[in-house]
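Asks: For reference, the structure I am asking about is given below.
The values are calculated or read from the model by the stated rules, or taken from the named source; none is laboratory data. Nothing here was measured: the structure is a model prediction, and the numbers come from that model. FYI the Cβ positions are ideal-geometry reconstructions off the backbone, even for glycines, and counts take in every protein chain you see.
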Amino acid sequence: MRTETSIFLPVCGLLFAMLSFSSGAAFAKGLFPDLGAMGTAAIRLAFAAVIMLVVLRGWRARITRDNWGALTIYGVTLCGMNLFFYLALMRLPLGVTSAIEFMGPLSVSVIFSNNRRDIIWAVLAAVGLLLLMPLTGGPDALDPVGIVWALASAICWALYIVYGQKAGSHHGTQTAALGTGIAALVALPFGIAEAGSSLLNTDLLPLVLAVALLSGAIPFTLEMFSLQRLPARTFGVLMSIEPVFGALVGFVVLREALTLTQALAIALVVVACAGAALSARPKTTIAPHA
């Protein structure tokens, strides 16, 4: 039987992981003027890959012809998830970007579910997404290009979950390190094309390291710690509130105030993700970021 103390630590760890990830995304915006979105994503993945390959000993993994395909797709989708997320973040508030991106894992939960009630959560999320669409063209309308980038990130997150499970069956915890390494290799040409020699600017190194740690190493470690100690449904429900952290960090750090409609849309997405996590099969949950 789980004690209150045994639940308290992993819950706090997961909440801090979400706060860390959102804070890293907020600090990443500070790199956009110098590195652009793709340059920031590339340097963040590069540093994260080095850290994770060392910590998780990724060089010891045995890659064969049978498991190379799933691992490659996993790494490419991880790259896309980061590139598209930062491209969206250049044009949208952090909380809105996070909410749209969460359509990815929510879609996977609903598609692979045998529970008809999950249609309710899909409809609820769709309503939330519709509320974010720039249909009115008013002063508070969101950038449509930013929404497209966020949806692209959501699609990549969905594929990341599917192929991450396949690759994980061969490489275990080393999958994240290997996938991040592949993602960094794919992202670097785009980052170099956009940022050029600015990627070597040592004055940006402290902020780059902060983004890599806050958006990569710290949340991934805490999420893995919590995932091993919490029921899958509890983990999934808690993970679903990440867009709320994004909205709060965006408001406090970036001064990104949301309209009432945008806040309602984020709330609908959060409720939909929590509902899908509650009705999911015991072994199913939202996959964490890497």
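Asks: Name every residue in region 28-46 that is surrounded by fewer than 20 Cβ atoms within 10 Å (Cβ to Cβ), assigned to a helix (DSSP H, G or I) and in contact (Cβ under 8 Å) with a residue 40 or more places away in the chain, in order of residue number.
Replies: Selection gives LYS29, PHE32, ASP34.
Rundown of residues vs (1) out of contact with any Phe, Trp or Tyr (no Cβ under 8 Å at 6 or more places or on another chain); (2) more than 27 Å from PHE47 (Cα to Cα); (3) basic (Lys, Arg), yes/no style:
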| position | (1), (2), (3) |
| --- | --- |
| LEU200 | yes, no, no |
| LEU204 | yes, no, no |
| VAL208 | no, no, no |
| THR221 | yes, no, no |
| GLN228 | yes, no, no |
| MET239 | yes, no, no |
| GLU256 | yes, yes, no |
| LEU268 | yes, yes, no |
| CYS273 | no, yes, no |
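Asks: Given the criterion in a helix (DSSP H, G or I), within 30 Å of ILE119 (Cα to Cα) and of a type in the set (Val, Ile, Thr), identify the matching residue among ILE266, ILE218, ILE192. It would help to see each step written out before you state the result.
Replies: On the way: ILE218 fails: within 30 Å of ILE119 (Cα to Cα); ILE192 fails: within 30 Å of ILE119 (Cα to Cα).
One residue alone meets the criteria, ILE266.
Asks: Now, a different point. List every residue pair whose Cβ atoms sit under 8 Å apart, with the two residues 6 or more apart in sequence or on different chains, where the first one lies in region 227-251 and is in a helix (DSSP H, G or I) and the second, anywhere, is modelled with pLDDT under 90 and of a type in the set (Lys, Arg).
Replies: Note: pairs meeting the criteria are ALA232/LYS283.
Asks: Taking only region 214-235 into account, find how many residues are under 14 Å from the mean Cα position of the chain (by Cα) and buried (at least 23 other Cβ atoms within 10 Å of the Cβ).
Replies: Count: 5.
Asks: I would also like to ask the following. In the set VAL211, VAL253, VAL186, which member is out of contact with any Gly (no Cβ under 9 Å at 6 or more places or on another chain), at pLDDT 90 or above and surrounded by 16 or more Cβ atoms within 10 Å (Cβ to Cβ)? Spell out how you get there, then give the answer.
Replies: Details: VAL211 fails: out of contact with any Gly (no Cβ under 9 Å at 6 or more places or on another chain); VAL186 fails: out of contact with any Gly (no Cβ under 9 Å at 6 or more places or on another chain).
VAL253 is the lone residue from the list that is out of contact with any Gly (no Cβ under 9 Å at 6 or more places or on another chain), at pLDDT 90 or above and surrounded by 16 or more Cβ atoms within 10 Å (Cβ to Cβ).
Asks: Can you pull out the residues in region 95-110 that are farther than 15 Å from MET81 by Cα, modelled with pLDDT of 85 or more and touching an Asp or Glu at 6+ places or on another chain (Cβ under 8 Å)?
Replies: GLY95
Asks: A further question follows. Can you tell me which residues in region 197-208 are in a helix (DSSP H, G or I), in contact (Cβ under 8 Å) with a residue 12 or more places away in the chain and over 20 Å from MET81 (Cα atoms)? Before you say what the answer is, go through the steps one by one.
Replies: The first filter runs over region 197-208 and keeps only residues in a helix (DSSP H, G or I), leaving 197-200, 202-208.
Checking the rest, the ones that are also in contact (Cβ under 8 Å) with a residue 12 or more places away in the chain come to 198-199, 204, 207-208.
Of everything in region 197-208, those that are in a helix (DSSP H, G or I), in contact (Cβ under 8 Å) with a residue 12 or more places away in the chain and over 20 Å from MET81 (Cα atoms) turn out to be SER198, LEU199, LEU204, LEU207.
Asks: Then there is this: Identify the residue in region 256-290 that is in contact with an Asp or Glu (Cβ under 7 Å, 6 or more places away or on another chain) and at pLDDT below 85 and, among all such residues, is farthest from LEU214 (Cα to Cα). So that I can check it myself, show each step before the final result.
Replies: Within region 256-290, the subset in contact with an Asp or Glu (Cβ under 7 Å, 6 or more places away or on another chain) is 259, 276, 279, 288.
Going one step further and asking which of them are at pLDDT below 85, we end up with 276, 279, 288.
On the way: ALA276: 27, SER279: 31, PRO288: 14 Å.
Step by step, filter region 256-290, then rank; the result is SER279.
Results for (1) under 26 Å from PHE32 (Cα atoms); (2) among the hydrophobic types (A, V, I, L, M, F, W, C), shown as yes or no for each residue.
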{"site": "GLY181", "(1), (2)": "yes, no"}
{"site": "PRO189", "(1), (2)": "yes, no"}
{"site": "ALA217", "(1), (2)": "yes, yes"}
{"site": "LEU227", "(1), (2)": "no, yes"}
{"site": "GLY236", "(1), (2)": "no, no"}
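Asks: Continuing with this model, one more query. Kindly check whether there is at least one residue in region 103-126 that is closer than 18 Å to ARG44 by Cβ, in contact (Cβ under 8 Å) with a residue 24 or more places away in the chain and within 11 Å of the chain's Cα centre (by Cα). Full working, then the answer.
Replies: Step one: filter region 103-126 for residues closer than 18 Å to ARG44 by Cβ, giving none.
No: region 103-126 contains no residue that is closer than 18 Å to ARG44 by Cβ, in contact (Cβ under 8 Å) with a residue 24 or more places away in the chain and within 11 Å of the chain's Cα centre (by Cα).
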